[in-house]
Amino acid sequence: MNQPLNIVFAGTPDFAAVHLQALLDSEHNVVAVYSQPDRPAGRGKKLLASPVKQLALEHDIPVYQPLTLRDEAAQAELAALKADVMVVVAYGLILPQVVLDTPRLGCVNVHASLLPRWRGAAPIQRAVEAGDAESGVAIMQMEAGLDTGPVLVEVRTPIAPRETGGSLHDKLAQLGGPALLEALAQLRDGTASPQTQNDDLANYAGKITKEEARIDWQRPAAELERLIRAFNPFPVCWTEYLDGKGAPQRLRVYSAKLEQGCHTDQPGTILSADDEGLLVACGREALRLTQLQLPGKKALPIAEILKGYRDLFGAGTKLGETHE
């Protein structure tokens, strides 16, 4: 019963590469890898292979990079691999029904969220942004709907008070490998008992836009504090300030602390500036900005920034809306 499975792996970013490594370290055979086509990256816009492709090539595993899986040639290529199961982790292409039906045991997906709480492209950031108390990884039997398939294995973890999108990503990446191997063992041994999702409890974790990361100081400080953590390290929240010449510049905000208490200042006004942070008025309460990045500079603690730019961030200065 404990025969190794022949697996086709489909994934693209670092999160997926962690799971590919877990399979490579297991008894199973990864017979092929699918990944997104190489993309231009960096200042030179040179084509860059995805983390999954790089890992596959290091292990001499064949890599396929079709633009779509909807054409018959790509589907025939997949069928010829005669995989027992296809494991999909943040691949980035839609799998049509004919592909879902191709492997003997179907396709399973590693989803970086509890289901059905967050379906869609950005479940990690949306969980932090919403103030969820916990997150987790769901190993799901794939079907045609968006993250709607029955759940084979689920593991949970608390979301810490200072959790960022980046720290939760790393935590879930480590949880996902063992959960995936458990799900594969259940499928192989015929012991799986998939749990149907309750669609009434589903929320859509939409893809994050850079405009969403612009800080609206009219919002309550508690919401903005969660947003800043959720969008660290990508896309990173930002606001505007006026430089020494009066020109608007973008100020990226990597971390902030919630400061309870009332104020009467306009949202976006700096209430105080010291080595502990920039205290900024919000629609309700205030935020103390503690790590910032000026254009062309590294992200630094506020104490370092104030050494050279204290005159730009004094009490009474307004952040945001400097383009008006």
* Look at segment 288-312 and say how many of its residues are in a strand (DSSP E or B) and hydrophobic (A, V, I, L, M, F, W, C). => 3
* **Residue, surrounded by the fewest Cβ atoms within 10 Å (Cβ to Cβ), within segment 29-56, restricted to residues that are assigned to a helix (DSSP H, G or I) and not charged (D, E, K, R)** => Q54
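Checking the condition free of Cβ contacts under 8 Å to residues at least 24 places away in the same chain and either in contact with a Cys (Cβ under 8 Å, 6 or more places away or on another chain) or charged (D, E, K, R) (or both), which residue from E321, E285, E304 passes?
On the way: E321 fails: free of Cβ contacts under 8 Å to residues at least 24 places away in the same chain; E285 fails: free of Cβ contacts under 8 Å to residues at least 24 places away in the same chain.
Matching residue, one of E321, E285, E304: E304.
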* To do: Give the residue, chosen from V137, V98, V108, V128, that is without any contact (Cβ under 8 Å) to a residue 24 or more places away in the chain and of a type outside the set (D, E).
  => V98
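Against the condition under 22 Å from K207 (Cβ atoms) and either outside any strand (DSSP E or B) or not assigned by TED's automatic domain parsing to the domain that holds A183 (or both), how does T102 come out, does it pass?
Details: under 22 Å from K207 (Cβ atoms): no; either outside any strand (DSSP E or B) or not assigned by TED's automatic domain parsing to the domain that holds A183 (or both): yes.
For T102, the condition - under 22 Å from K207 (Cβ atoms) and either outside any strand (DSSP E or B) or not assigned by TED's automatic domain parsing to the domain that holds A183 (or both) - is not met.
Within segment 122-153, count every residue that is surrounded by fewer than 18 Cβ atoms within 10 Å (Cβ to Cβ) and either farther than 15 Å from N203 by Cα or modelled with pLDDT of 95 or more (or both). Working first, answer last.
Filtering segment 122-153 for residues surrounded by fewer than 18 Cβ atoms within 10 Å (Cβ to Cβ) gives 130-131, 133-134, 143-146, 148, 150.
Keeping just the survivors that are either farther than 15 Å from N203 by Cα or modelled with pLDDT of 95 or more (or both) gives 130-131, 133-134, 143-144, 148, 150.
Number satisfying all stated conditions: 8.
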* To do: Please tell me if S26 is over 23 Å from the mean Cα position of the chain (by Cα), under 28 Å from A138 (Cα atoms), crowded, with 17+ Cβ neighbours inside 10 Å and among the polar types (S, T, N, Q).
  => yes
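Residue by residue through segment 63-91, note down the ones that are without any contact (Cβ under 8 Å) to a residue 40 or more places away in the chain and assigned to a loop (DSSP other than H, G, I, E, B). Quick ask: steps written out before the conclusion?
Step one: filter segment 63-91 for residues without any contact (Cβ under 8 Å) to a residue 40 or more places away in the chain, giving 63-77, 79-80.
Once the filter is applied, which keeps residues that are without any contact (Cβ under 8 Å) to a residue 40 or more places away in the chain and assigned to a loop (DSSP other than H, G, I, E, B), segment 63-91 yields Q65, P66, L67, T68, L69, R70, D71, A80.
Taking the condition of being loosely packed, with under 15 Cβ neighbours inside 10 Å and touching a Leu at 6+ places or on another chain (Cβ under 9 Å), how many residues in segment 284-301 meet it? Let's see the steps before the verdict.
Of segment 284-301, the ones loosely packed, with under 15 Cβ neighbours inside 10 Å are 295-298.
With touching a Leu at 6+ places or on another chain (Cβ under 9 Å) added as a condition, the list becomes 295.
Of the residues in that region, 1 qualify.
Residue-by-condition table, conditions (1) out of contact with any Lys or Arg (no Cβ under 7 Å at 6 or more places or on another chain); (2) within 24 Å of I7 (Cβ to Cβ):
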| residue | (1), (2) |
| --- | --- |
| E134 | no, no |
| D147 | no, yes |
| L152 | yes, yes |
| A160 | yes, no |
| L168 | yes, no |
| G176 | yes, yes |
| A192 | yes, yes |
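The values are calculated or read from the model by the stated rules, or taken from the named source; none is laboratory data. Predicted model only: the values in this text are computed from it and were never measured. Cβ sites come from the backbone with ideal geometry, for glycine too, and all protein chains shown count toward neighbours.
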